[in-house]
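S.K.: Below you will find the structure I want to go over with you.
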């Protein structure tokens with residue numbers, strides 16, 4: 001069995017676990033955990049709003065990682081290399097999209 005999908009599944013679980021407190025607004029402003037961009041540090045309200053939004057996106061992203069992992073678990077050995085590179089693109093692209101959406105949200109929030 002290809003070990004990479006197991007790593008992806010673990011990453012999906014960790015990402016989901018980390019995102020839930022953010023969604024529930026349980027993460028206070030701090031120096032290491034949360035959506036740490038300049039806009040989120042403007043006020044407590046901004047912190048909680050941006051972190052809730054980012055947490056929801058991270059939870060959705062973790063579902064994408066888990067789905068990718070589930071596909072990889074069942075592939076024959078001859079497809080492992082293709083899976084590994086495809087997973088890098090899917091997971092990396094998903095993360096880039098999450099980051100971009102958070103930044104756009106923060107910018108719109110500031111302009112409103």
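The values are calculated or read from the model by the stated rules, or taken from the named source; none is laboratory data. Treat the numbers as computed from the prediction; the structure is a model and nothing was measured. For neighbour counting, all protein chains shown are included, and Cβ atoms are generated from backbone atoms with ideal geometry for every residue, glycine included.
S.K.: For the stretch 5-36, which residues satisfy the criterion of being crowded, with 18+ Cβ neighbours inside 10 Å and either over 20 Å from residue 66 (Cα atoms) or at pLDDT below 95 (or both)?
M.R.: Across the stretch 5-36, the qualifying residues are 27, 34, 35.
S.K.: Taking into account only those residues within the stretch 100-112 that are under 18 Å from residue 42 (Cα atoms) and within 15 Å of the chain's Cα centre (by Cα), which is surrounded by the fewest Cβ atoms within 10 Å (Cβ to Cβ)?
M.R.: Start the filter on the stretch 100-112 by keeping residues that are under 18 Å from residue 42 (Cα atoms), which leaves 102-112.
Then drop every residue that is not within 15 Å of the chain's Cα centre (by Cα), which leaves 102-103.
On the way: 102: 21, 103: 15.
Checked the stretch 100-112; the qualifying residue surrounded by the fewest Cβ atoms within 10 Å (Cβ to Cβ) is 103.
S.K.: Quick check on this structure: which one of 66, 39, 60 is surrounded by 14 or more Cβ atoms within 10 Å (Cβ to Cβ), in contact (Cβ under 8 Å) with a residue 60 or more places away in the chain, out of contact with any strand residue (DSSP E or B) (no Cβ under 7 Å at 6 or more places or on another chain) and in a helix (DSSP H, G or I)? Quick ask: steps written out before the conclusion?
M.R.: Numbers: 66 fails: in contact (Cβ under 8 Å) with a residue 60 or more places away in the chain; 60 fails: in contact (Cβ under 8 Å) with a residue 60 or more places away in the chain.
Criteria check complete, one pass: 39.
S.K.: While we're here: Within the stretch 1-32, how many residues turn out to be assigned to a loop (DSSP other than H, G, I, E, B) and under 30 Å from residue 72 (Cα atoms)? Walk me through it before giving the result.
M.R.: Narrowing the stretch 1-32 to residues assigned to a loop (DSSP other than H, G, I, E, B): 1-3, 24-32.
Now restrict to residues that are under 30 Å from residue 72 (Cα atoms): 1-3.
Count: 3.
S.K.: Another one. Which residue out of 81, 97 is over 21 Å from residue 34 (Cα atoms) and exposed (fewer than 15 other Cβ atoms within 10 Å of the Cβ)? Reasoning before the result, please.
M.R.: Details: 97 fails: over 21 Å from residue 34 (Cα atoms).
The unique qualifying residue is 81.
S.K.: So how many residues does the stretch 40-60 have that are within 19 Å of residue 95 (Cβ to Cβ) and in contact with a helix residue (DSSP H, G or I) (Cβ under 6 Å, 6 or more places away or on another chain)? I'd like the intermediate steps shown before the answer.
M.R.: First, the residues of the stretch 40-60 that are within 19 Å of residue 95 (Cβ to Cβ): 40, 50-60.
Checking which are in contact with a helix residue (DSSP H, G or I) (Cβ under 6 Å, 6 or more places away or on another chain) leaves us with 40, 50-59.
Here the count works out to 11.
S.K.: Restricting to the stretch 72-112, count the residues that are in a helix (DSSP H, G or I) and in contact (Cβ under 8 Å) with a residue 60 or more places away in the chain.
M.R.: Total meeting the criteria: 14.
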